Amino acid sequence: MIWASFGWGGKSSTCFINGRMNSNGYREVLKIHLVDIGNAIGGSDWIFQQDNALVHQAKVNLAWFK
């Protein structure tokens, strides 16, 4: 599996993931990459968006975002 992001100011590097993504793995990828990618691509004013994939909507991840 491959995870990456893009925005107005550019794109992230590609993160390769072994196996299937689960809610814990998704959260770990975000913990490692999200803030740095957001600041690099969007500067200080950016919005993170995601679709309704099951790992995105997992209760544990929704609570983590809050």
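The values are calculated or read from the model by the stated rules, or taken from the named source; none is laboratory data. Computed from a predicted model, the values in this text were never measured in an experiment. Methodologically, a virtual Cβ is constructed for each residue, glycine included, from the backbone with ideal geometry; neighbour enumeration extends over all protein chains shown. The area values use the complete protein model at the heavy-atom level, side chains included, leaving out ligands, DNA and RNA. Shrake-Rupley method; radii C 1.70, N 1.55, O 1.52, S 1.80 Å.
In this Cβ point-charge picture (+1 for Lys and Arg, -1 for Asp and Glu), the range 2-65 has a dipole of about 200 debye about its Cα centre.
What translational diffusion coefficient, to the nearest whole µm²/s, does the chain have by Stokes-Einstein, given a Kirkwood radius computed over alpha-carbon pairs, a temperature of 25 °C and 0.890 mPa s viscosity? It comes out at roughly 195 µm²/s.
May I ask you to derive the FRET efficiency for Ile47 and Asn24 from their Cβ-Cβ distance with R0 = 30 Å, giving the value to the nearest 0.05? That gives a FRET efficiency of 0.80.
Surface composition of the range 2-65: carbon and sulfur atoms hold 56% of the protein heavy-atom accessible area at a 1.4 Å probe. Of all aspartates and glutamates in the structure, the ones whose alpha carbon falls short of 17 Å from that of Lys11, not counting any fewer than 8 places away in one chain, are Asp36, Asp45.
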